[in-house]
């Protein structure tokens, strides 16, 4: 389906308004704004937001950047709260307390700390039970709101306040969890991975599919953090582009179990082009640390090849 994004921007009001206190160069605000733009103008949304950067910066009582119904909930239970609201709406419709023609969509947002780690139990439960909702993980790769501590979404060798690169350890020693694939294993109708900016068309289309797919859906969106990653605020677009071109963050979707890679670079860039602009990886470029870059590249290559293989295997029947 083709979209004219200029027309969409002109015709649809922003449901996530300006005036919030997110950092300049942060990936989260454009993620939220574009996802909410995918809603039909006549539809209402109930948004649930786990504690984190997005919540503390966009909803400071009595001020808010959210124009739809909004619930702030604890770190661990955004998915459970949203699932409860969705179930309540269904019950109220059955009881005739809500008109049948009232269309409400249910969207939860959480950072990687509140999604990959603290909130994974409630997320898994909501997806397994089949609630008609969308969960959006804005992945900035650490617990940025509380001081840049490592999370299971933090990539290997990244320097954080709880995995400091020095003489004892060379940054985080564990590989990054692949939450997108964990969600695929729940056998839900729609799972997708995309970027905060650099390809708004992809983000918009995947958000629209997720919102209007019947049943549970999951979006994992890379949302770079200038403070935690250590890049100039004006380089948000560049960082996203390099994540895509190096295949560190593949753009793909899984629709009823079938994989579709949305972007395959003509010439895959070496991972060091993604690592070099970020201060959290600067120690990897010191003499003697070449092995870290080589190991990082090997992991990216392995995951990319596995994704290519899954696309081929799950689409064999169509061919």
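The values are calculated or read from the model by the stated rules, or taken from the named source; none is laboratory data. Computed from a predicted model, the values in this text were never measured in an experiment. Quick reminder, even Gly has a Cβ in these numbers, built from the backbone with ideal geometry, and neighbours come from all protein chains shown.
So if I check each of 80, 24, 87, which one is in contact with a strand residue (DSSP E or B) (Cβ under 9 Å, 6 or more places away or on another chain) and in contact (Cβ under 8 Å) with a residue 24 or more places away in the chain?
Selected residue: 80, the only one of 80, 24, 87 that is in contact with a strand residue (DSSP E or B) (Cβ under 9 Å, 6 or more places away or on another chain) and in contact (Cβ under 8 Å) with a residue 24 or more places away in the chain.
Please give the helices (runs of 4 or more DSSP H) falling wholly within the stretch 1-82 in which 3 or more residues are farther than 21 Å from residue 204 by Cβ.
53-58
From 126, 137, 108, which residue is part of a helix (DSSP H, G or I) and in contact with a helix residue (DSSP H, G or I) (Cβ under 7 Å, 6 or more places away or on another chain)?
Working: 137 fails: part of a helix (DSSP H, G or I); 108 fails: part of a helix (DSSP H, G or I).
Matching residue, one of 126, 137, 108: 126.
Residue by residue through the stretch 113-126, note down the ones that are surrounded by fewer than 24 Cβ atoms within 10 Å (Cβ to Cβ) and either in contact with a strand residue (DSSP E or B) (Cβ under 9 Å, 6 or more places away or on another chain) or at pLDDT below 95 (or both). So that I can check it myself, show each step before the final result.
Looking only at the stretch 113-126, we keep the residues that are surrounded by fewer than 24 Cβ atoms within 10 Å (Cβ to Cβ), and these are 117-118, 120-121, 124-125.
117, 118 - these are the residues of the stretch 113-126 that are surrounded by fewer than 24 Cβ atoms within 10 Å (Cβ to Cβ) and either in contact with a strand residue (DSSP E or B) (Cβ under 9 Å, 6 or more places away or on another chain) or at pLDDT below 95 (or both).
Look at residue 146 and say whether it is surrounded by fewer than 22 Cβ atoms within 10 Å (Cβ to Cβ), closer than 27 Å to residue 21 by Cβ and in contact (Cβ under 8 Å) with a residue 40 or more places away in the chain. So that I can check it myself, show each step before the final result.
Working: surrounded by fewer than 22 Cβ atoms within 10 Å (Cβ to Cβ): yes; closer than 27 Å to residue 21 by Cβ: yes; in contact (Cβ under 8 Å) with a residue 40 or more places away in the chain: no.
Criteria not met by residue 146.
Residues that are farther than 20 Å from residue 184 by Cα, surrounded by 15 or more Cβ atoms within 10 Å (Cβ to Cβ) and modelled with pLDDT of 95 or more: does the stretch 92-101 have at least one?
no
Please tell me if residue 154 is modelled with pLDDT under 95 and over 23 Å from residue 107 (Cα atoms).
no
Out of all the residues in the stretch 158-170, is one or more within 20 Å of the chain's Cα centre (by Cα), part of a loop (DSSP other than H, G, I, E, B), surrounded by fewer than 17 Cβ atoms within 10 Å (Cβ to Cβ) and in contact (Cβ under 8 Å) with a residue 40 or more places away in the chain?
no
Output yes when any residue across the stretch 297-312 is touching a helix residue (DSSP H, G or I) at 6+ places or on another chain (Cβ under 8 Å) and at pLDDT 95 or above, and no when none is.
Yes, the stretch 297-312 contains at least one residue that is touching a helix residue (DSSP H, G or I) at 6+ places or on another chain (Cβ under 8 Å) and at pLDDT 95 or above.
Taking the residues in the stretch 274-296 that are free of Cβ contacts under 8 Å to residues at least 60 places away in the same chain and surrounded by fewer than 16 Cβ atoms within 10 Å (Cβ to Cβ) as candidates, determine which candidate is farthest from residue 175 (Cα to Cα).
Restricting to residues being free of Cβ contacts under 8 Å to residues at least 60 places away in the same chain and surrounded by fewer than 16 Cβ atoms within 10 Å (Cβ to Cβ), the top hit is 287.
Looking only at the stretch 157-201, filter to residues that are touching a strand residue (DSSP E or B) at 6+ places or on another chain (Cβ under 9 Å) and at pLDDT below 95; which one of those is farthest from residue 260 (Cα to Cα)?
196
Could you figure out which of (1) crowded, with 17+ Cβ neighbours inside 10 Å; (2) out of contact with any strand residue (DSSP E or B) (no Cβ under 7 Å at 6 or more places or on another chain) isn't true of residue 60?
So the condition that residue 60 fails would be (1).
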